[in-house]
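The values are calculated or read from the model by the stated rules, or taken from the named source; none is laboratory data. In this text, all values refer to a predicted model and were calculated from it rather than measured experimentally. Quick reminder, even Gly has a Cβ in these numbers, built from the backbone with ideal geometry, and neighbours come from all protein chains shown.
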Amino acid sequence: MPERISAHAENKGRSLRFIHPKLPSWHSVQRLYHDAYRTSQITNGALVKRFEAAAAERLGVKHCIAVSSCTSGLMLVMKAMQLKGEVIIPSFTFFATGMAALWAGLKPVYADCNPATWTLDPLDVAKRVTRRTCALVGVHMYGNPCDTESLSSIASMTHAKLIFDSAHAFGSNHFGKPVGGFGDAEVFSLSPTKLLVAGEGGLVSTNDATLAARIVAARNYGDLGAYDPDLQGLNARMSEFNAALALAGLDAVESKVERHNQIAANYTRMLGGVPGVAFQGVNPGDVCAYKDYSVLIDPDKFGKTRDQVAAALLQSGYETKKYFYPPLHQQRILGAHHSSEMPPLPITERVSGRVLSLPIYSKLPSKGAREICRIIRIQAQAHTVQ
Ligand SMILES: *Cc1c(COP(=O)(O)O)cnc(C)c1O
């Protein structure tokens, strides 16, 4: 959902929206949707199929199944795989990753993230594998591809399934291949805060035909047409209007990724050398879609906490976010599955406790980005002078 800027920030005149989804032209959407509307085929029609085919081609995978959201897609993938037991997920992620596991009847086991890339750390995952582990779920954080190879070897050694929550990663590349074909299945989000927008929607991508067929059934109450469901499903279909939006937006993904990379590079350059500011590491050769751009503020070296920096920016009308704080193991519902007897999550706590997400979207004025960086620099200098 586009987040509303606070009234306080809006009053300041030079305020910036944190999120500003760039939608395809209304004309292009209308042109696609026209026939669906005219024939009243507004669900279970041709547009969802067209979108699935176009997405599969774009991602270089055999099967794409459009669903109502990334959360429902993750739930259905886990259900369709008939998983039971424990699923290892990062604690540093959006809570939907954990909620999907709960809805699929699984116990989430939280693993730490890598201090450089902020994605699921395979070394820490290996330490948490038990006889009950049935799946690993990696999250391509902000679009930064996970260490898919190491996770894949752990998954095959332990006979666990490998799933990616790719909510942020439509348009990302890993080893020259689009994210979407890694692991047993990947699940994208098409909600308005992501690069490809369907309004609400998700997309499952997989090269496994059996799994794909099961997800097609699962999104339709579990029924494949026999009026006698094959598996436990729900209604998680995508409507034709949502498919029209996604289809119309598909061609713009590449330029959005380019623009987001430009903005990210500018932020990194302008904040380079500020003591106590750290950046996300992207492996050379990979493309991060930069659904979000975040820095870490180390209070000891910077002289102020992340929250103090966020408050100073808001004072000047610049809204920021803390993607993602608190980490899952410290939340009320999801944290109930973590206990102090389990190995700690020090990197997650450090990253999540310091993370500050800056606005990033195609129309972001470069003046605004420069001003944000100037304010952050002043905050750091205020400390150095004291
Ligand atoms: C946005 C997001 C989701 C949820 O996507 P929906 O389409 O809103 O269900 C899941 N995981 C992550 C990491 C996200 O950022």
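Return the total of residues in segment 214-257 being more than 22 Å from Leu83 (Cβ to Cβ) and either in a helix (DSSP H, G or I) or at pLDDT below 95 (or both). Lay out the reasoning, then the answer.
Initial filter on segment 214-257 (more than 22 Å from Leu83 (Cβ to Cβ)): 225-228, 237-257.
Pick out the ones that are also either in a helix (DSSP H, G or I) or at pLDDT below 95 (or both) and you get 225-226, 240-257.
Residues in segment 214-257 being more than 22 Å from Leu83 (Cβ to Cβ) and either in a helix (DSSP H, G or I) or at pLDDT below 95 (or both): 20 in total.
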Completion exercise
Over segment 194-213, the set of residues more than 16 Å from the ligand (Cβ to nearest atom) and outside any strand (DSSP E or B) is Asn207, Asp208, Ala209, Thr210, Leu211, Ala212, Ala213
Problem - Residue list for segment 44-94, restricted to those being within 16 Å of the ligand (Cβ to nearest atom) and small (Gly, Ala, Ser) - result: Ala55, Ala66, Ser68, Ser69, Ser72, Gly73, Ser91
Problem - Search result, residues across segment 201-237 that are in contact with a Gly (Cβ under 9 Å, 6 or more places away or on another chain) and among the acidic types (Asp, Glu) - result: Asp223, Asp230
Problem - Of residues in segment 95-126 being buried (at least 24 other Cβ atoms within 10 Å of the Cβ), aliphatic (A, V, I, L, M) and within 14 Å of the ligand (Cβ to nearest atom), the one farthest from the chain's Cα centre (by Cα) - result: Ala101
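Looking at segment 318-339 only, could you name the residues that are within 22 Å of Thr119 (Cβ to Cβ) and either in a loop (DSSP other than H, G, I, E, B) or of a type in the set (Gly, Ala, Ser) (or both)? Full working, then the answer.
Applying the first criterion (within 22 Å of Thr119 (Cβ to Cβ)) to segment 318-339 yields 320-331, 334-335, 337-338.
The answer is Thr320, Lys322, Tyr323, Phe324, Tyr325, Pro326, Pro327, Gln331, Gly335, His338.
Taking Gln41, is it closer than 20 Å to Gly183 by Cβ, at pLDDT 95 or above, polar (S, T, N, Q) and more than 12 Å from the ligand (Cβ to nearest atom)?
Numbers: closer than 20 Å to Gly183 by Cβ: no; at pLDDT 95 or above: yes; polar (S, T, N, Q): yes; more than 12 Å from the ligand (Cβ to nearest atom): yes.
No, not satisfied.
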Practice task
Within segment 129-150, identify whether any single residue is outside any loop (DSSP other than H, G, I, E, B), touching a Phe, Trp or Tyr at 6+ places or on another chain (Cβ under 7 Å) and away from the ligand (no atom under 12 Å from the Cβ), and answer yes or no.
Solution key: yes
Exercise for the section: Give just the number: which of (1) in contact (Cβ under 8 Å) with a residue 24 or more places away in the chain; (2) surrounded by fewer than 21 Cβ atoms within 10 Å (Cβ to Cβ); (3) closer than 23 Å to Val309 by Cβ does Gly272 not satisfy? Expected result: (1)
Practice task
Mind counting the residues in segment 180-193 that are crowded, with 24+ Cβ neighbours inside 10 Å and near the ligand (Cβ under 9 Å from one of its atoms)?
Solution key: 4
